[in-house]
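The values are calculated or read from the model by the stated rules, or taken from the named source; none is laboratory data. As the structure is a computational prediction, the values presented were derived from the model and not from experiment. For neighbour counting, all protein chains shown are included, and Cβ atoms are generated from backbone atoms with ideal geometry for every residue, glycine included. Note: accessible area is taken over every heavy atom of the protein model, side chains too, but ligands, DNA and RNA are not part of it. Shrake-Rupley method; radii C 1.70, N 1.55, O 1.52, S 1.80 Å.
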Amino acid sequence: MAGMSKDAFLHELLGRMSVEEKAGQLNLLTGAMDATGMKHSDDLDTKIRAGRCGAVLNVYTPAATRALQELALASPLAVPLIFGYDVIHGQRTIYPIPLGLSCSWNLDLMERCARMAAAESAADGLHWVYSPMVDISQDPRWGRVAEGAGEDPWLGAKIAAAMVRGYQGDDLAAPAAVIACVKHFALYGAPMGGRDYNTVDMSRRAMEETYFPPYRAAIDAGARTVMTAFNDIDGIPASANRWLLTELLRGQWGFRGWIVTDYTAVTEMKNHGTAATDADAARQSLDAGVDMDRVSEAFLAELPDLVESGSISEGQIDAAVLRVLETKWDLGLFRDPLARCNHEAAIHLSVENRQLAREAARESMVLLKNEAGILPLSKHRTIALVGPLADSRRDMLGCWIAAGDEALAASPLDGFRGMAETIHARGCGISEGNDDLLAEAVRAAEQADVVVLVLGESWQMSGEAASRTNIRLPECQRELARHILLTGKPCVLVTMSGRPLELTWENSRFPAILHAWALGTEGGHALAEVVFGDAAPVGKLTMGFPRSVGQLPMTYREKPTGRPFDAAAQYSSKYLDAPNDALYPFGHGLTYGEFRHAAVAIDSPEMQPGGTVTVSAEITNLGAQPATETLQLYLRDLVASVSRPVKELRGFQRVTLAAGESRVVSFQITDADLAFPGRDFQPVVEPGDFEAMIGPSSRDLRVVGFSRRS
Ligand code: BGC
């Protein structure tokens, strides 16, 4: 190797490989430290020693990865392994679930969280994380909304890029960098009925306008790998979809990394009914552009025979193998394969990492409602902390916790105890009522000055394979809420979940609702800081909370329709039994304090081609304390060659104002903000009339018009 160029080295190595060894490099097997799918890999050690495995998932720690890496180094060609894992929101220090963290709208914070996860992963022997999940979703019945960044493609694209930068940094061989894996390509967030793994049926326009932008942004940010989705697209499973993987992803988008399937997706083509045999499934996948087969072992078993029979060429395999080997080179694996297997690092759950997780947790909470300023609570009052989640550490971590340890996490009670006199009562289970617990909770409420009810979903109720048709609080929790409200004590509701919930009933009964997702290792402490006013809530929803599950799927970015909503008109687009909009819309989130928003101004009513206009709005802090607001810019194209959404996010700025302070916040609009996929799906900017809207949520906006000249 000494002195050899990368290219020469990789080709020389490839030249020494048998077809079987090449197929081995394209084979990703699972270890047993975690189970993320139904199939287990047998004879892992034997396959590694024989050079029949290129990468391993679900094995971590320096000792465990070293044991397997040494087997690989003892194989005939000694090609080192890559170790991957589902590090979705932290490896040891767990930060909020991605949907929660996205509500911070703080891209720098998200990048720092990804950086921390990369460093902790690398210190655990890993090179590869199966993140970010950038699937847009407009349907909170789908349990995996917990893992994404919500409903908006523009914000989703910014977040996707920030996460990739955080994981990969500038140099993959740096000790704390990992390769990112953008998933699930593509459209996995739009299964019919919100049911996980279900088929997706989507127009090309929806793909281009809504679903593709975050994948594209992650690729543009340099994401090294892409994971295929489980679903089919136009009847062709994503893992066999040549249009998707080769024409679009590699051809049009210029993706230069490698493509791995999702778990056993190759052989699942037999269930899709598009392949009769493993051999046919493997052929279709390789032909479509897949490089690596996750766990199904169809590449390993079938590629050599497929070459032999002439169904695929060895050149196709070589191209895939080179992509994988190149990444191994870039990770520094050929120079020092054991670099990450040395010793447990001090960075795991370090003070700095916990501080970052605390900051992330604080910024992820969304204050949905706060009548009469009931929040924040005084620390001098006695609090009854009630509910099945009030003392749960595990549920605070959420789904996909990698090597996170619930024993090291803080529950709400852990946080409250350090702040105020707290009486704790569970009240009920997550889904089962209990009369004794209920009576105890009522007694606790009666003894206290204020009640904080912590209700919601357990960690298993969102994430993969966790779709729900009913996204309300479980009935026993409502029953608990009824009894607590009857005590007449002031009562604040804290909700925890991995998805937007249907909170219409709660909204009409509780004066204050704070949504706390699953906030991670430091969640309980961050929650207490916000409830008692040591920190103010700053989060803004990245996915609307529906009034009713019957509205789903839904988005604030809806198209205008030929018969727009008109409560008085019979033949307008509406429901008989509910308003059209969300209960809490995209962009909504309150803080402690009050602002005045003045009308929006524009520097010129006309925008020249290639030019700009600047829109601005004055915001005033009416409160007696400093306060923070995130102002959002939305645009609407009034007449275009294709129907454009009634509003679309195109900018945001977070401002902190001293008591009584006013500030003018400005946004510059350029052609890039007006561009959209035209009738031929190519980006186009059309002249005509536009509206610019600024405000604190997608529903609370002030409007100004302008024209873009031709
Ligand atoms: C999930 C992926 C995950 C993979 C890995 C699959 O079931 O869909 O998101 O990365 O398992 O284990």
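Quick one: in segment 119-138, which of the residues that are more than 15 Å from the ligand (Cβ to nearest atom) and under 21 Å from Pro500 (Cβ atoms) is least open to solvent (accessible area, probe 1.4 Å)? The extreme case among them is Ile136. Given the residues Gly623, Gly593, Gly610, which is the only one that is assigned to a loop (DSSP other than H, G, I, E, B), open to solvent by less than 30 Å² (accessible area, probe 1.4 Å), touching a residue at least 24 places away in the same chain (Cβ under 8 Å) and farther than 21 Å from Thr555 by Cα? Gly623 is the lone residue from the list that is assigned to a loop (DSSP other than H, G, I, E, B), open to solvent by less than 30 Å² (accessible area, probe 1.4 Å), touching a residue at least 24 places away in the same chain (Cβ under 8 Å) and farther than 21 Å from Thr555 by Cα. The C-beta contact set for segment 39-57 (first residue at pLDDT below 95, second residue crowded, with 18+ Cβ neighbours inside 10 Å and assigned to a loop (DSSP other than H, G, I, E, B), distance under 6 angstrom, 6+ apart or interchain) comprises Lys39/Thr264; Lys39/Val295. Just wondering, is there one or more residues in segment 275-288 that are touching a residue at least 60 places away in the same chain (Cβ under 8 Å), crowded, with 16+ Cβ neighbours inside 10 Å, in contact with a Lys or Arg (Cβ under 6 Å, 6 or more places away or on another chain) and farther than 30 Å from Pro490 by Cα? Among the residues of segment 275-288, not one is touching a residue at least 60 places away in the same chain (Cβ under 8 Å), crowded, with 16+ Cβ neighbours inside 10 Å, in contact with a Lys or Arg (Cβ under 6 Å, 6 or more places away or on another chain) and farther than 30 Å from Pro490 by Cα, which makes the answer no.
Scan segment 421-450 for residues that are assigned to a loop (DSSP other than H, G, I, E, B), buried (at least 20 other Cβ atoms within 10 Å of the Cβ) and touching a strand residue (DSSP E or B) at 6+ places or on another chain (Cβ under 8 Å) and jot them down. Arg426, Gly427, Ala448 - these are the residues of segment 421-450 that are assigned to a loop (DSSP other than H, G, I, E, B), buried (at least 20 other Cβ atoms within 10 Å of the Cβ) and touching a strand residue (DSSP E or B) at 6+ places or on another chain (Cβ under 8 Å).
Among the residues of segment 249-263, some residue qualifies, meaning at least one is open to solvent by less than 10 Å² (accessible area, probe 1.4 Å), out of contact with any His (no Cβ under 9 Å at 6 or more places or on another chain) and part of a helix (DSSP H, G or I). Is one or more of the residues making up segment 524-532 in a loop (DSSP other than H, G, I, E, B) and of a type in the set (A, V, I, L, M, F, W, C)? Yes, segment 524-532 has at least one match. Figure legend. Inter-residue proximity from segment 545-564: first residues among the polar types (S, T, N, Q), second residues assigned to a loop (DSSP other than H, G, I, E, B), beta-carbon distance below 7 Å, spacing 6+ or different chains. Indicated pairs: Ser548/Glu502; Ser548/Ala578; Gln551/Ala578; Thr555/Gln138; Thr555/Glu151; Thr561/Ser573.
Examine segment 451-469 for a residue that is aliphatic (A, V, I, L, M), within 17 Å of Leu377 (Cα to Cα) and surrounded by fewer than 22 Cβ atoms within 10 Å (Cβ to Cβ), and state whether such a residue exists. Taking every residue of segment 451-469 in turn, none turns out to be aliphatic (A, V, I, L, M), within 17 Å of Leu377 (Cα to Cα) and surrounded by fewer than 22 Cβ atoms within 10 Å (Cβ to Cβ). Looking only at residues in segment 472-519 that are polar (S, T, N, Q) and part of a helix (DSSP H, G or I), the one that is nearest to Ser458 (Cα to Cα) is Gln477. Could you tell me whether Arg283 is over 30 Å from Tyr556 (Cβ atoms) and among the basic types (Lys, Arg)? For Arg283, the condition - over 30 Å from Tyr556 (Cβ atoms) and among the basic types (Lys, Arg) - is met. Select, from Asp171, Asp108, the only residue that is open to solvent by 20 Å² or more (accessible area, probe 1.4 Å), without any contact (Cβ under 8 Å) to a residue 12 or more places away in the chain and away from the ligand (no atom under 16 Å from the Cβ). Answer to the check: Asp171.
Selection of segment 200-232 for residues being within 16 Å of the ligand (Cβ to nearest atom) and either part of a loop (DSSP other than H, G, I, E, B) or of a type outside the set (S, T, N, Q) (or both) yields Val200, Pro214, Tyr215, Ala218, Ala223, Arg224, Val226, Met227, Ala229, Phe230, Asn231, Asp232. Do we have any residue at all in segment 682-690 that's more than 30 Å from Trp253 (Cα to Cα), of a type in the set (Asp, Glu) and over 27 Å from the mean Cα position of the chain (by Cα)? Yes, segment 682-690 has at least one match.
Yes or no, residue by residue, for (1) touching a residue at least 12 places away in the same chain (Cβ under 8 Å); (2) within 19 Å of Trp517 (Cα to Cα):
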residue: Ser411; (1), (2): yes, yes
residue: Asp414; (1), (2): yes, yes
residue: Gly418; (1), (2): yes, no
residue: Gly427; (1), (2): yes, no
residue: Gly433; (1), (2): yes, no
residue: Ala439; (1), (2): no, no
residue: Val442; (1), (2): yes, no
residue: Val451; (1), (2): yes, no
residue: Ala466; (1), (2): yes, yes
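Screening Ala67 with (1) modelled with pLDDT under 95; (2) touching an Asp or Glu at 6+ places or on another chain (Cβ under 9 Å) gives one miss only, at (1).
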